[in-house]
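Data block below; observations after.
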Number of protein chains: 2
Amino acid sequence: MSQNQPENHTIDLAVSARWIVPVVPRGRVLEFCSLLINDDCIVGICPQAEIGKRYHAQQHLQLADSVLLPGLINAHGHAPMTLLRGYADDLPLESWLNNYIWPTEQRWVSPEFVADGSELAIAEMLQSGTTCFSDMYFFPESTAEVCHKAGMRAQLNFPVFEFANAWADSADDCIHKGLSLRDELRSNPLLSFAFGPHAPYTVSDATFRKIATYLAELQMPMHIHLHETAQEVADSIKEHGERPIERLAKLDLLGPLTQCVHFTQVTSQDIELLQTWQSSVIHCPHSNLKLASGFTPVQKLLNANVRVALGTDGAASNNSLNMFSEMKTAALLAKTLAERADACPAESALEMATIKGAEALGLEALIGSLEPGKQADFIAVDMSHADMQPVYDVVSQLVYGAAASRVSHVWIAGRPLLENNRLLSLDAQALKQKAQLWQQKITQR
Amino acid sequence: MSQNQPENHTIDLAVSARWIVPVVPRGRVLEFCSLLINDDCIVGICPQAEIGKRYHAQQHLQLADSVLLPGLINAHGHAPMTLLRGYADDLPLESWLNNYIWPTEQRWVSPEFVADGSELAIAEMLQSGTTCFSDMYFFPESTAEVCHKAGMRAQLNFPVFEFANAWADSADDCIHKGLSLRDELRSNPLLSFAFGPHAPYTVSDATFRKIATYLAELQMPMHIHLHETAQEVADSIKEHGERPIERLAKLDLLGPLTQCVHFTQVTSQDIELLQTWQSSVIHCPHSNLKLASGFTPVQKLLNANVRVALGTDGAASNNSLNMFSEMKTAALLAKTLAERADACPAESALEMATIKGAEALGLEALIGSLEPGKQADFIAVDMSHADMQPVYDVVSQLVYGAAASRVSHVWIAGRPLLENNRLLSLDAQALKQKAQLWQQKITQR
């Protein structure tokens, strides 16, 4: 009760755990320490033995078998498409898009679809330890509303297409609506906004030039599907005489806040452009495999010091939003592609899902590691279960083990959102009913 | 209470579920039906509406949001190595084996190590829906004992090496001990035995000839690491003038019960041999990726009607024993390797983890599908969670979704072993303590 004594700082929350993996600095694993939180911020980490002497915590949570780590950052997805999870699997890419995904979106996408799909996605992401996601979809205002309700952090990439869609009439209308939304929600500390030109083949040079003008003025990130398939690259060479990333470079669209999603097709010239402009690759291994798009050469990118972050892509091409699983597959694929079992070690995979994701989104001052002054976005994983034992190397276990299903607690900006596996800001039962209603609508036409 | 009425059969158990996926026949999904069990056998499947009219079930379990399917078959592993999960990750293959795994095994492998490691593995396998595993390790008698205690089904592949090890002095001693164990446990209905010559490079032609003699006489399966790496194949060509599978063919070691584990290196001649002898490939995608061994061309094998089953390999090279995850990775990798998103659909992956595994082990009359007369080895997966909703296609969701962590119930030969996520035959708390004790021993030397 001795608040405000000089040697005894009052803080909101202390969480003591068997291990703390702060991610920065790389390789550090703290044992028997406590993470100290005040308001929405991390104020420090101290040995458990010292906590009572130096701090008065309003709440002190003891997680004796758990590891604390930064919340994971899902750097690419389409949250509302969670309503189409498993709707059209195992089809050739063209049939999947032309006969299933696009007609269904055309028929059903609405503010309600987007809100309900985003809510289902956020529930799954929170339960598997993701605390920030980067999303590209129509009606981003609906996703924003659900994020606000759920307490979720997100970068919303408002889509820009040349063709009319349910949300906007034209590319100009996309830009207008996107920028208006950004202005309107400027005061929301959990939301940031980026231009989301869908892909080089759905956006004209004229629109790209406008986007370049805005990017220079507003210092906003740009998020784009790039070099997803060999066909895309071949088509670009045919139509524009250059690879898509060369075209973006000429249009002044590359920079440290450019997020190149997928990038399965990579030449050394492509890597030079990424290096020159410090642009990021957002690697989505499950989606690339499921759509047979190709293999992103992750270790080659890491060797060239290209920033690689990870994303799940939408649930229609994955079908999970599980970032732990994405880390494992990213690390394993990188090893076989590099023909070296020591390529892309677990620590690199964990960085890709945390601090590298934060850097790619331009949010590294706020999130991506457990450091004093950063936002209190963190998760607890219970290591006591059979599938996580024994624990020789906690980072290795997090990446290669069964961590997603062992996430027990999640906080974003200091607010608890998952407690002993239970969602605090969302109603799991109502969510299931909404998902089933949409399924009935979509399949009964 | 009306037992033995002519129209009202008394049975031990009925489990009613939203969906039943029997796996055989392929593609069938039953809705609102009940699986009927008597003693250790499946006696039928009937619509839920009819169950009261035709059967008197001593116990009737209602799982309104769940799917029932055959228990998964993990066709390759080294269960005791679960005690080395994460002990030495992200190392080049040679250093991993020579500096970590082999010295540690040499120092620590004992009947107790094998028993405790097997128990930890079985706990994880049951919790993630595996009801039968094929295992190769020293002291198989210890694994057998734990299986008996746990109620787990297994094929124990007693290892055959030329060199002396903690369990046996020589290849002849391995064979003698293995066959004696088989004789001793002949009456155990859950255990079967196979020859486990470790690999072509650790077993001599003379020993292989003896094994061929026994195989012909005893009609037993043979389980062997084969074509795991390019180096193995190159070395064999150098030493024997032929690829390992050609050498096995000449030694009369191929047949329908030959289980070729890994097989990342595949020529059309290799495929012809597999076809001719109807031998099986046991594909372990995570292990092959983690050790950078290579990519098994699954769709090419399926196109050639080669039987492909799935295994996790040991936890030291995975690091999970999660067969759902193995199914997903197998299907996804197959798509990208085949450059077709419709390659290896979810149904094929599910077959590889069930009926194909049963066929590979020669157990297809007993397990691998939910058919009357087969053993009651089955599992329930709860589809009501956010990460499994909505359910357009239940098989797709099982393979590509988050099923492992949603396994709620497991039965083997009609005996319940997992009930509402709780292990019934094993003590989870004691297991954790054993795992931690071994970790301390192994790291404190």
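Every number here is computed from the coordinates shown, using simple stated rules; none is lab data. All values reported here derive from a predicted model rather than from experimental measurement. Cβ atoms come from the backbone with ideal geometry, glycine included; neighbour counts cover every protein chain shown.
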* Please give the FRET efficiency for residue B:165 paired with residue B:427, using the beta carbon to beta carbon distance and R0 = 30 Å, rounded to the nearest 0.05. => 0.50
* Contact order relative to length of chain B, as percent, for alpha carbon pairs under 8 angstrom and 6 or more apart -> 20
* To do: Place +1 on the Cβ of every Lys and Arg and -1 on the Cβ of every Asp and Glu in the protein assembly as shown, take the dipole about the Cα centre, and give the residue among A:84, A:379, B:344 whose Cα lies farthest towards its positive end.
  => A:379
* Asked: Got the residue B:278 label distances to the other copies yet, label 7 Å along Cα→Cβ, in nm, shortest first?
  -> 6.4
* When the chain is fully extended, how far beyond the present Cα-Cα distance does residue A:443 get from residue A:173, taking 0.36 nm per residue of separation? -> 94.1 nm
* Please work out which residue of chain B brings its Cβ closest to the axis of the rotation superposing B onto A, and round that distance to whole Å. => B:405, 2
* Place the label 7 angstrom along Cα→C-beta at residue A:214 and in each other copy, then list the distances from the first to the rest in nm, shortest first. => 7.2
* Asked: In debye, nearest 20: dipole of region B:72-361 around its Cα centre with unit charges on the Cβ of K, R (+) and D, E (-)?
  -> 540
* Cα-Cα P(r), the protein assembly as shown, percent of pairs per 10 Å interval -> 2, 13, 22, 25, 20, 12, 5, 1, 0
* Structure fact -> Of the residues A:192, A:298, A:283, the Cα lying farthest along the dipole of region A:72-361 towards its positive end, which is defined by charges on the beta carbon of Lys, Arg, Asp and Glu, belongs to A:298
* Asked: Roughly what angle does helix B:205-218 make with the longest principal axis of chain B, taking Cα atoms, 0 to 90 degrees, to the nearest 10?
  -> 30
* Asked: Which value at 222 nm does chain A reach when only helices count, each DSSP H run of 4 or more adding -39,500 (n - 2.57), with the total divided by all residues and rounded to the nearest 500 deg cm²/dmol?
  -> -10500 deg cm²/dmol
* For the protein assembly as shown, what proportion of DSSP beta bridges, expressed in % and rounded to the nearest 5, is antiparallel? -> 45
* Got the residue A:54 label distances to the other copies yet, label 7 Å along Cα→Cβ, in nm, shortest first? -> 7.0
* Asked: What are the lysines whose alpha-carbon lies under 30 Å from the alpha-carbon of residue B:53, with same-chain residues fewer than 8 places away excluded?
  -> B:374
* To do: Rounded to the nearest Å, what's the spacing between the alpha carbon centres of region A:329-387 and region B:310-371? Just the number, please.
  => 28
* For residue A:205, put the label point 7 Å out on the Cα→Cβ axis and report which residues of region A:255-280 keep their amide N under 15 Å from it. => none
* Structure fact -> Mean per-residue count of partner chain Cβ within 10 Å for A:425-437 equals 2
* To do: Mind checking which lysines have their Cα closer than 21 Å to the Cα of residue B:177? Skip sequence neighbours fewer than 8 apart in that chain.
  => B:210
* So what's the angle, to the nearest 10 degrees on a 0 to 90 scale, between helix B:230-240 and the longest Cα principal axis of chain B? -> 50
* Relative to the longest principal axis of the C-alpha atoms of chain B, give the angle of the C-alpha long axis of helix B:268-277, reported between 0 and 90° and rounded to the nearest 10°. => 60
* To do: Please tell me which of these pairs span more than 24 angstrom C-alpha to C-alpha: A:356/A:434; A:356/B:432; A:149/A:432?
  => A:356/A:434; A:356/B:432
* To do: Just the number, please: percent antiparallel of the DSSP beta bridges in region A:72-361, rounded to the nearest 5.
  => 0
* Dipole magnitude of region B:160-241 about its Cα centre (Cβ charges: Lys, Arg +1; Asp, Glu -1), debye to nearest 20 -> 240
* Structure fact -> Using alpha carbon centers only, region A:8-42 is separated from region A:213-285 by a whole-angstrom value of 38
* Structure fact -> Toy charge model, Lys and Arg Cβ at +1, Asp and Glu Cβ at -1: the protein assembly as shown dipole around Cα centroid in debye, rounded to 20, equals 580
* Looking at the square roots a ≥ b ≥ c of the eigenvalues of the Cα gyration tensor of region B:72-361, which shape do they give, rounded for a/c under 1.5, prolate if a/b is larger than b/c, or oblate? -> rounded
* Let me know the Kirkwood hydrodynamic radius for region A:233-375, please, with Cα pairs as the basis and the value in Å to one decimal. => 15.7
* For a label point 7 angstrom out from the Cα of residue A:415 toward its Cβ, which stretches of region A:176-190 have the backbone nitrogen within less than 13 Å? -> A:188-190
